[in-house]
Structure formats: structure tokens, C-alpha cells
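Accompanying notes for the structure given below.
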Amino acid sequence: MMGHGHATMGAVGWLALTATTTGALGVIPMSPAEVAAGAVVTAGAALLPDADHHNGTIAHSLPPVSTVITRAVGQASGGHRHGTHSLLGVLAAFALAWLLAPVRLDLPWGLHDDFQFGAWLLIVLMVSFAAKALRITRGWRTSWAVAVGAGTAAVWFAPEQLWWLPLSVSMGAFIHILGDALTVQGVPLLWPWRPSPAVETPVWKKNGHFAIPVLGTAGSAREWVFVVALDLYLLWVLLESLAPGLVMDIAAGLSA
């Protein structure tokens, strides 16, 4: 699946589980602000498994930091679509976010005591990934400005509302794997164990990858239609979360 599709799936997954408006499940009900912020972070986290690709979308999201990170992750995980695209990779993403989110620092010059540096760093990285995948940012200057601005605003003005960060990061990583599993390439779900079937099928491949290839190859027309549908759902739920009844009012106005 392409970067835009991963980011959209991540945001949709978060909205479906946390929004309480019509069309959402509300399994983990949150405030509209948390729903919106979490959707952005999860969209970025849905690109996180591609940190194993030194020339992928997120490698260019926050240079030179993202370049260094993707090269290191790629070497540690065995290359693209290996360790980061497995259940173990999802667990590692959760553990990293869970350990990093509580880290606090006292900023110099009396700017801020007990600053949530770990949460800030997570948000900066995830926002930069999402912004790059959704083509909100282009050059490195706008990437840094948008990511640092969003991270600083979140930690500065709503530090008590960031408990959901580890959940968002791990959810995004899992949704990325699900998206790639819908393509013919599949994912090494059980990495580092890569069991080979006695008879290869589209669902279980000789290289140990698993797939439910309903979208065909990455970037296919089927994927495009799927992502457009997700975009429409995303817009609907987000608008209903922030302004209940707005969508229905717009629909009524158009039909009048």
C-alpha cells in the first residue's frame, strides 16, 4: 500500500474506535480534541513500519533526522518488509512509545519545568510522517515547522491529554501491516519465524508472507478506490466529531 493509503487507514482506524458520533464505534470514547489529535498521530504512526526503507516516504519527512532513523531501523530489522512489518514490530512500536512518552526534561533558561520531551518527540515524528505522506508538506523547512509546531502546541497546552500516545503509535503500526497484508506482496507476520507452506497460495507464500490480496498490487486502481472511500469516511466522522450535525445540515442544504 502507498503512503497516502497507510496514513488514511491509520486516521480512520483511530476515528472509528474513539469517536462517539454517528458512523463510529466509540469503543474507547474520547473528547473531540483527543479524537482529532489522535487521528493525526495515528496517521503518522501508520507510516512507522516503513522506517525500514531508507528511501521511502518517511525517510524524507524530517531530514536529516528521518534519514538517520530509517537507515538505522532498516539495518536492525533486516531491510524493507521484514521485522517492522510483523507482530513483533507492533509490540516494539508500543514498547518504544510507552517508554518514551513519560520522559520529562527541565528546559534551559527557565522556559519550562518538567517538559514532556518524550511525548513531544513522538508527536513531532508522527506528525512529520503524516504530513509528508498526505503531501501537506514539501520541503524540509515546512516539514520541520509543521511538526515542531504541532508537537510543541500539544505538549505545552494539553499535557494531561496525551495518555493515549502509546496506543496511537501501536495502533498505527498494526494498521500499516494490515494495509500491506491486503496487497499481493503480503507481510512476514510472524517474523523472525518465516514458515513456508507445503503448497504456496495467495494467502500463504513460499517466503513466509501472509496476505489477503483483495487490493492487488500496491498502488492499484482497487487501492485507489478503497482509499477514496476511506477519505470520505474520515471527513464525515471528523466533521461530525468537531461539529455534530454539520454533515446532515450540509446534505439537507444541498438537497433543498
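Can you tell me which residue within the stretch 231-256, out of those that are among the aliphatic types (A, V, I, L, M) and crowded, with 17+ Cβ neighbours inside 10 Å, is modelled with the highest pLDDT? The qualifying residue modelled with the highest pLDDT is LEU234.
Inside the stretch 113-136, residues that are touching a helix residue (DSSP H, G or I) at 6+ places or on another chain (Cβ under 6 Å) and free of Cβ contacts under 8 Å to residues at least 12 places away in the same chain make up a count of 0. Tell me, yes or no, whether the stretch 222-230 has at least one residue that is more than 21 Å from the chain's Cα centre (by Cα), at pLDDT 90 or above and surrounded by fewer than 14 Cβ atoms within 10 Å (Cβ to Cβ). No, the stretch 222-230 contains no residue that is more than 21 Å from the chain's Cα centre (by Cα), at pLDDT 90 or above and surrounded by fewer than 14 Cβ atoms within 10 Å (Cβ to Cβ). Only one of the listed residues (TRP144, TRP156) is in contact with a Leu (Cβ under 8 Å, 6 or more places away or on another chain) and of a type outside the set (Ser, Thr, Tyr). That residue is TRP144. Within the stretch 51-76, being touching an Asp or Glu at 6+ places or on another chain (Cβ under 9 Å) and in contact (Cβ under 8 Å) with a residue 40 or more places away in the chain holds for GLY56, THR57, ILE58. When HIS209 is tested against (1) out of contact with any Pro (no Cβ under 6 Å at 6 or more places or on another chain); (2) buried (at least 20 other Cβ atoms within 10 Å of the Cβ), exactly one condition is not met: (1).
The values are calculated or read from the model by the stated rules, or taken from the named source; none is laboratory data. The model shown is predicted, which means the values in this text are computed figures rather than measured ones. Please note: Cβ atoms are built from the backbone with ideal geometry, for glycine as well, and neighbour counts cover all protein chains shown.
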